[in-house]
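Notes follow once the structure below has been shown.
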Amino acid sequence: MGEKRFLSGDEAVAEGVRLARPQVISAYPITPQTVVVERLSEMVERGDLVAKYLHVESEHSALAAAIGASSTGARTFTATSSQGLLYMAECLTYASGGRYPIVMMNANRATCLPWNIYGDQRDSLALLDHGWIQVYALDAQEALDLSIMAFRLAEDPAVMTPVMVNLDGFALTHTYETVDIPAQEQADRFLPPYTTSNKFDFEHPLNMGFTAGPAYNKYFKYREHQDLLAVPAVIDQVEREFAEVFGRQYPGVIETYRCADAELILITLGSIAGLARDVVDRLRAQGQRVGLLRIRYLRPMPADQIAEAVAGARAVAVLEKDVSFGAEGSVFTNVNSALQQAGITVPTCNFIGGLGGDDIKADDLATVFEELGRITEGEDVPAVSWIGIDGAWAETSPYAQEGDGAR
Amino acid sequence: MIEVLWHGRGGQGAFTGARLLGAAYCQREGHHALAFPTFGPERRGAPMRAFTKLSAEKIGDRSALETADIVVYLDDTLFSADACAAQLRDGGVAVVNSPRDFALPQVLSFDANGISGELLGRAIPNTALLGALVTLLADLSQGEAEQAIRALMPPRLHEKNIAVLEAALERFEPKARSAGAAGRFSAEKGGAR
């Protein structure tokens with residue numbers, strides 16, 4: 001059976017990928033992803049993992065080579081972060097449009113300028129529209145488990161879509177905690193070898209990486225869209241089977257915590273949900289009816305699940321480590337659309353925080369719930385607040401006190 | 001929850017100390033820990049901090065510490081009485097690697113460099129400081145600290161570091177006892193007694 005070890009999130013991903021037995025790993029190192037590919041290259045060097053490890057000259061090449069490997073029918077892994085992910089962007093749609101079930105770990109990190117190596121989610125959220133399944137881990141254990149489950153999901157014949165497993169930079173990638181590492185025989189039982197007809201094969205030749213003009217392009221894109229919409233049911237099935245083998249049950253595309261009778265609900269994603277859970281408990285102990293909704297999978301968009309979970313709430317906040325400049329947080333836009341389509345008219349507001357590695361504190365989350373409370377009392381709350389800068393934070397913010405002088 | 005703030009200089013092993021403590025605490029079923037450094041480009045010799053959070057429940061808060069129950073200094077040039085007082089919570093204790101006595105009731109110093117110099121031939125104070133933490137924490141045993149050393153360090157370093165741990169326990173414990181700090185902290189019981 002498995003063993004417990006004290007690992008960082010990066011190391012946990014490397015262990016999960018090792019257990020998944022990828023045949024090709026193609027990656028270029030970038031902080032805070034580097035440890036993942038260092039550990040994997042060591043495993044390949046020692047013979048603990050039988051795989052071809054490709055040292056490439058850039059992230060663009062890393063994903064291009066992964067696509068090539070996947071098109072020969074090999075189980076393929078890559079990993080990146082931030083500018084590296086943006087550099088890969090051109091290849092992302094080749095992988096998804098070509099239906100190559102590559103698994104990529106992305107260490108969520110700020111995008112420049114200003115240059116910043118710390119955590120936020122602007123990198124992956126900027127690429128929501130590139131056809132990849134996107135999932136966000138809560139802790140190192142979930143990161144390890146997702147690294148195994150992602151291959152099952154990606155390679156499912158009804159899915160055949162690449163998966164991006166996102167870990168918050170540093171808060172997950174570089175934080176050590178106890179992780180249960182499953183045994184290889186468990187992983188083998190859960191994840192059989194990858195077989196596909198979507199590959200170069202002399203016996204069964206087929207056209208790959210082709211052109212589709214105006215007459216046919218739309219059918220490919222429609223199919224891609226329909227297949228992604230059907231993914232949540234596959235996720236449920238994969239998680240049920242994972243629980244049977246590994247004894248850990250995951251909750252599907254979203255996770256709700258104390259939402260059933262909640263008046264005020266905070267929606268967020270990634271590791272900050274751990275702190276939000278503590279804050280929900282603290283406020284519940286004071287008699288406040290608050291709840292937490294953690295988005296695990298953001299593509300496909302869990303629209304129905306979110307709408308159902310917050311249908312009874314009186315105010316909803318979306319907290320995210322990203323902004324679409326000149327608009328609002330992208331998760332907020334997505335959530336609002338889901339609620340509007342479902343005919344749910346609960347008031348919503350958006351909190352932007354944690355950019356460039358800034359810590360979001362328990363008190364900040366308590367303030368978010370206070371703002372939601374004010375909405376229910378008919379007070380005006382900004383649609384979008386920046387934690388530590390404006391809205392409820394304006395009076396204590398150095399930026400507000402000094403204006404542009406704080407720059 | 002018990003929270004430990006480590007002050008060190010790049011290359012001294014403060015983060016290794018933070019990880020050793022977290023790994024040691026997690027040896028017991030039902031114990032949880034997080035260990036992480038102040039993140040950033042590492043520079044040898046530059047002041048840095050590391051953090052260990054210990055709890056009998058799963059830990060959700062991954063944010064850095066401004067104050068702590070125990071503040072550890074790997075280097076006495078980083079110690080200042082005022083800054084230390086501002087970082088220590090009520091009932092908290094500072095542990096300073098130093099041959100000096102700071103004559104402050106909440107500051108316990110001992111010569112961790114001396115111990116590691118004798119037994120390892122180099123001034124690497126983190127294992128000795130782990131011994132000090134075993135003394136302060138009621139719900140952490142010497143055996144669990146030894147298991148962490150075996151889990152995190154290469155085999156050739158095991159016996160020497162376990163000897164450092166034992167020596168540190170012997171020398172630090174009388175000081176902690178006379179200050180009433182031995183076994184003062186327990187994450188299971190929710191903090192300092």
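The values are calculated or read from the model by the stated rules, or taken from the named source; none is laboratory data. Bear in mind the structure is a predicted one, so any value in this text is a computation, not a measurement. All Cβ positions, even for glycine, are placed from backbone atoms using ideal geometry, and neighbour counts span all protein chains on display.
For segment A:1-40, taking the residues that are among the aliphatic types (A, V, I, L, M) and in a loop (DSSP other than H, G, I, E, B), the one that is surrounded by the fewest Cβ atoms within 10 Å (Cβ to Cβ) is identified as A:1. Among the residues making up segment B:57-76, those that are in contact (Cβ under 8 Å) with a residue 60 or more places away in the chain, more than 13 Å from every other protein chain (Cβ to nearest Cβ) and out of contact with any Lys or Arg (no Cβ under 6 Å at 6 or more places or on another chain) are B:68, B:70, B:71, B:72, B:73, B:74.
In segment B:50-64 there is no residue that is over 17 Å from the mean Cα position of the chain (by Cα) and either farther than 28 Å from residue A:272 by Cβ or aromatic (Phe, Trp, Tyr) (or both). Summed over segment A:362-390, residues that are without any contact (Cβ under 8 Å) to a residue 12 or more places away in the chain and within 14 Å of chain B (Cβ to nearest Cβ) total 1.
Residue-wise test of (1) in a loop (DSSP other than H, G, I, E, B); (2) farther than 20 Å from residue B:4 by Cα; (3) more than 14 Å from the chain's Cα centre (by Cα).
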| site | (1), (2), (3) |
| --- | --- |
| B:99 | yes, yes, yes |
| B:122 | yes, yes, yes |
| B:135 | no, no, no |
| B:149 | no, no, no |
| B:158 | no, yes, yes |
| B:163 | no, yes, yes |
| B:166 | no, yes, yes |
| B:174 | no, yes, yes |
| B:188 | yes, no, yes |
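Being within 14 Å of chain A (Cβ to nearest Cβ) and of a type in the set (Asp, Glu) is a description that applies to residue B:144. Filtering segment B:31-50 to residues that are touching a helix residue (DSSP H, G or I) at 6+ places or on another chain (Cβ under 6 Å), assigned to a strand (DSSP E or B) and at pLDDT 95 or above leaves B:33, B:35, B:50. Cβ-Cβ distances below 6 Å connect the following pairs, each with a first residue in segment A:105-133 that is within 14 Å of chain B (Cβ to nearest Cβ) and closer than 27 Å to residue A:151 by Cα, a second residue that is modelled with pLDDT of 95 or more and in a strand (DSSP E or B), and a separation of six or more residues or different chains: A:107/A:81; A:107/A:167; A:108/A:166; A:108/A:168; A:109/A:81; A:119/A:108; A:119/A:168. For segment A:182-189, the condition holds for no residue, the condition being that it is in contact (Cβ under 8 Å) with a residue 24 or more places away in the chain and within 14 Å of another protein chain (Cβ to nearest Cβ).
Is it the case, given these coordinates, that residue B:118 is buried (at least 18 other Cβ atoms within 10 Å of the Cβ), over 17 Å from residue B:54 (Cα atoms) and acidic (Asp, Glu)? When the stated conditions are applied, residue B:118 does not pass them.
Can residue B:60 be described as of a type outside the set (Ser, Thr, Tyr) and either assigned to a loop (DSSP other than H, G, I, E, B) or farther than 24 Å from residue B:182 by Cβ (or both)? It is true that residue B:60 is of a type outside the set (Ser, Thr, Tyr) and either assigned to a loop (DSSP other than H, G, I, E, B) or farther than 24 Å from residue B:182 by Cβ (or both). Residue selection: residue A:224 fails the criterion of being touching a Phe, Trp or Tyr at 6+ places or on another chain (Cβ under 8 Å) and either surrounded by fewer than 18 Cβ atoms within 10 Å (Cβ to Cβ) or among the aliphatic types (A, V, I, L, M) (or both).
When A:69, A:74, A:95, A:64 are screened for being touching a residue at least 60 places away in the same chain (Cβ under 8 Å) and assigned to a helix (DSSP H, G or I), only A:95 passes. Count of segment B:66-98 residues, restricted to those that are of a type in the set (S, T, N, Q) and touching a helix residue (DSSP H, G or I) at 6+ places or on another chain (Cβ under 8 Å), is 3. Within segment A:308-322, at least one residue is touching a Gly at 6+ places or on another chain (Cβ under 6 Å), within 14 Å of chain B (Cβ to nearest Cβ) and modelled with pLDDT of 95 or more. Here residue A:259 fulfils each of the conditions (1) more than 30 Å from residue A:230 (Cβ to Cβ); (2) of a type in the set (A, V, I, L, M, F, W, C); (3) in contact (Cβ under 8 Å) with a residue 24 or more places away in the chain apart from (1). With the condition kept exactly as written, say whether any residue in segment A:347-369 is among the charged types (D, E, K, R), more than 20 Å from the chain's Cα centre (by Cα) and surrounded by 18 or more Cβ atoms within 10 Å (Cβ to Cβ). Yes, because at least one residue in segment A:347-369 is among the charged types (D, E, K, R), more than 20 Å from the chain's Cα centre (by Cα) and surrounded by 18 or more Cβ atoms within 10 Å (Cβ to Cβ). Please determine whether any residue of segment B:26-37 is buried (at least 24 other Cβ atoms within 10 Å of the Cβ) and more than 7 Å from chain A (Cβ to nearest Cβ). No: zero hits.
Once segment A:269-304 is narrowed to residues that are among the hydrophobic types (A, V, I, L, M, F, W, C), over 11 Å from residue A:138 (Cα atoms) and buried (at least 21 other Cβ atoms within 10 Å of the Cβ), the residue that is farthest from the other protein chains (Cβ to nearest Cβ) is A:301.
In the condition set (1) away from chain A (no Cβ under 12 Å); (2) crowded, with 21+ Cβ neighbours inside 10 Å, residue B:104 is compliant with all but (2).
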